[in-house]
1. Kindly report the accessible area of the chain per residue (heavy atoms of protein chains, probe 1.4 Å, no ligands, DNA or RNA), in Å².
2. What per residue convex hull volume, in Å³, do the alpha-carbon atoms of region 30-107 yield?
3. Going from most exposed to least, what order do V89, V109, V65, V20 have by accessible area with a 1.4 Å probe?
4. Relative contact order of region 23-115: what whole-number percent is it, with Cα pairs under 8 angstrom and at least 6 residues apart?
5. Using a simple charge model, +1 on the beta-carbon of Lys and Arg, -1 on the beta-carbon of Asp and Glu, nothing else, what dipole does the chain show about its Cα centre, in debye to the nearest 20?
6. Figure the gain on full extension for M101 and R30 (residue separation times 0.36 nm, minus the Cα-Cα span) and round it to one decimal in nm.
7. Can you give me the % of accessible surface on the chain that is carbon or sulfur? Probe 1.4 Å, all protein chains present, nothing else counted.
8. With θ set to phi - 60° and the Karplus curve 6.51 cos²θ - 1.76 cosθ + 1.60, what are the ³J(HN,Hα) couplings of region 53-62 in order, to the nearest whole Hz, using x for Gly and Pro?
Amino acid sequence: GKHRIVIPCLGHFKEEYEKVSKLYMNNKIRTTRYTLLNFLPRNLFEQFHRVANLYFLFLVVLNWVPLVEAFQKEITMLPLLGVLTIIAVKDGLEDYSRYKMDKQINNLVTKVYRR
């Protein structure tokens, strides 16, 4: 069957512990959706799953066609950009508060039971 290797994190075992512990997952909690690198693309991807945002994007694209142009091109983009910006700021603030809570939980002191 399966077996488990337990190495104490003390004294002369410390070097071996650090080498073996890199092979396993840690037990940190992560409830955030975004990182700094994927915030913009992932947030836009999620926002364009909403039908209303797709509708406004369709109007913006349609307004770039000279035959159908109803308003100035820049004016048509303002409502969509406004909504996308407000929702992105809201999502970013919510994710940052989740990050702070995760950090607080992950840094809690725990007690270990020993016989």
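1. That works out to 92 Å² for each residue.
2. 87 Å³
3. V109, V89, V65, V20
4. 40 percent.
5. Charge dipole, the chain, about its Cα centre: 1040 debye, nearest 20.
6. 24.6 nm
7. 66 percent
8. 5, 5, 4, 5, 5, 4, 4, 5, 5, 5
The values are calculated or read from the model by the stated rules, or taken from the named source; none is laboratory data. All figures in this text were calculated on a predicted structure; none of them were measured in a lab. FYI the Cβ positions are ideal-geometry reconstructions off the backbone, even for glycines, and counts take in every protein chain you see. Only protein heavy atoms, including side chains, enter the accessible area calculation; ligands, DNA and RNA are left aside. Shrake-Rupley method; radii C 1.70, N 1.55, O 1.52, S 1.80 Å.
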